[in-house]
Amino acid sequence: MKRLAILGSTGSIGTQALDVVAAHPGLFEVEVLSAHSNATLLIEQARRFKPNAVVVTDETKYKEVKDALMMLPIKVFTGHKALAEVVQWDTVDTVLGAVLGFAGLHSILAAIDAGKRIALANKETLVVAGELVMARAREKGAVIIPVDSEHSAIFQCLAGEDLNKVEKVILTASGGPFLGRKPNYLVNVKASHALQHPNWVMGAKITIDSATLMNKGLEIIEAKWLFALNNDQIDVVIHPQSVIHSMVQFTDGSVKSQMGLPDMKLPIQYAIAYPERIHNDYKRLDFKDFPKLSFEAPDYKTFRNLALAIDAMKKGGNAPCVLNAANEVVVHAFLQNKVGFLEMSEMIEKTLDCMTFIEHPTIEEYVETDKEARIQVTEFLKKSQLSIY
Ligand code: NDP
Ligand code: MG
């Protein structure tokens with residue numbers, strides 16, 4: 001029996017994780033659930049899965065959740081500090097980190113400090129502070145198992161292999177809904193269009209990141225830290241069918257891949273059940289449904305976010321933290337139709353250019369960088385909105 005803390009249980013990953021739990025009675029026990037502001041769903045989940053505790057990080061929702069669960073033996077907390085405390089409880093073995101964005105960092109660090117097994121979906125944690133997070137995980141003996149499908153694929157390909165024999169990893173990317181499109185088309189696309197991903201059903205932020213290819217940029221940085229790779233050991237190839245989830249090439253030229261249907265329940269299940277591989281009844285991959293698997297190079301010129309992320313990785317220090325913060329803000333603005341699709345990269349680049357570089361940030365400096373980058377990019381957004389009128 002694995003005792004789980006599911007952080008971000010009301011999101012796309014969180015709800016699918018609970019589907020996995022429900023499909024395997026007796027294998028998992030839900031100890032903790034957390035949401036930010038979706039009190040209604042959190043209450044419903046708490047009634048169904050009967051955790052020991054729930055955390056609603058948005059303090060304005062605390063009373064609603066507390067009152068609704070009053071008659072049940074469930075502790076209710078609010079705030080990020082409480083979230084960082086409950087993940088350290090002895091009753092928790094595995095923490096699924098599925099909070100969105102930078103906000104997930106503190107609770108993951110707390111779980112690492114307590115030496116928990118971590119099923120990590122929150123890629124932003126590694127993008128922002130990968131070096132620090134991985135070093136601390138090694139020091140505290142916390143095992144991190146990736147949930148992101150590409151990284152789960154690489155992790156599975158590396159099982160039983162000598163890590164010194166890895167030549168490179170090849171991340172596959174679907175290319176998103178705008179594959180093959182050029183700037184003259186992209187200049188007019190709106191959020192409703194970008195939210196229609198061809199293969200994956202995901203939360204809004206990551207779906208936009210997939211359309212801009214920022215998601216792949218973030219994943220390159222995520223892979224660097226997870227698998228201790230050099231910058232030139234990570235390649236990206238566009239593979240529109242999303243059947244090959246990623247590949248590893250070894251020093252003898254052999255390439256291993258992991259395949260499956262594009263369904264996040266598989267990597268979620270793999271990560272929370274690890275090291276066991278458990279059975280399920282989900283639809284199987286039938287190669288006859290995919291007579292053609294195709295591959296092409298990404299268009300770095302049109303999808304500038306990918307190039308910006310690679311540059312930020314090469315620069316290192318707090319640059320990926322700036323990239324991530326600026327991206328979170330512009331994606332939020334794009335979802336509200338307050339900034340254009342192509343303008344997002346412009347704003348991120350301007351923010352990267354104007355921030356002070358810190359080569360080896362402390363955790364406090366990451367927090368400060370994140371805050372400052374959000375202020376800067378918001379200024380750029382305001383200026384560009386003013387210039388429209
Ligand atoms: P969603 O937006 O669907 O869900 C995010 C979850 O985090 C919700 O439970 C939300 O609560 C909670 N949350 C949001 N903001 C905060 C905050 N400030 N503090 C605490 N909790 C917060 O996101 P996804 O499930 O799509 O993604 C979660 C993470 O997993 C991301 O880092 C993403 O990159 C990664 N990921 C997702 C994949 C997918 O298929 N969706 C694939 C690979 C990685 P509430 O509902 O109350 O707002
Ligand atoms: Mg992914």
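Things to note:
- Gyration tensor analysis over the Cα atoms of the range 245-389 returns equivalent ellipsoid semi-axes of 37, 21, 18 Å (largest first, whole Å).
- The range 343-352 - phi-based ³J(HN,Hα) in whole Hz, Karplus 6.51/-1.76/1.60, Gly and Pro as x: 5, 4, 5, 4, 5, 5, 5, 4, 5, 4
- Cα Rg, Dmax, the chain, angstrom units: 20.4, 62
- Considering all different alpha carbon pairs of the range 1-114, the Kirkwood hydrodynamic radius works out to 13.6 Å.
- Rg/Rh ratio calculated on Cα atoms of the range 55-210 (Kirkwood radius): 1.05
- Quarter of the Cα convex hull surface for the range 275-321, i.e. its orientation-mean projected area (nm²): 7.3 nm²
- V143/D90 FRET efficiency (R0 22 Å; Cβ-Cβ; nearest 0.05): 0.80
- For F28, nonlocal amide neighbours, meaning residues 5 or more places apart or on other chains whose placed amide H falls under 5 Å from its own, are K2.
- When only alpha carbons are used to place a centre, the range 300-315 and the range 320-382 end up 14 Å from one another.
- Taking the centroid of alpha carbons for each part, the range 98-158 and the range 167-208 are 25 Å apart.
- Think of the chain as having a plus end and a minus end, set by charges on the Cβ of Lys, Arg, Asp and Glu; of T207, A173, V322, T207 sits farthest toward the positive end of this dipole.
- Environment charge at F28 (Cβ cut-off 12 Å; Lys +1, Arg +1, Asp -1, Glu -1): -3
- Loop-located chymotrypsin sites (Phe, Trp or Tyr not before Pro) in the range 244-289 (DSSP state not H, G, I, E or B) with no more than 16 neighbouring Cβ atoms inside 10 Å: Y282.
- Here K50 is the anchor, and the lysines within straight C-alpha reach of less than 18 Å, apart from those fewer than 8 places off in the same chain, are K2, K66, K75.
- When the listed pairs K63/K265; K63/K140; K140/K283; K61/K265; K205/K315 are checked against a 27 Å cut-off, the alpha-carbon distance exceeds it for K63/K265; K63/K140; K140/K283; K61/K265.
- Shape category assigned to the range 297-370 from the gyration tensor of Cα positions, a/c cut at 1.5: oblate
- With the helix formula -39500 (n - 2.57) applied to DSSP H stretches of n ≥ 4, the chain reaches a computed 222 nm mean residue ellipticity of -14000 deg cm²/dmol.
- When the P(r) of the range 81-162 is calculated, the portion above 16 Å amounts to 49% of the C-alpha pairs.
The numbers here are math on the coordinates, done by the rules we state, and not lab data. Just so it is clear, the structure is predicted and the values come from calculations on it, not from any experiment. Note: ideal-geometry Cβ built from the backbone for every residue, glycine included; neighbour counts use all protein chains shown.
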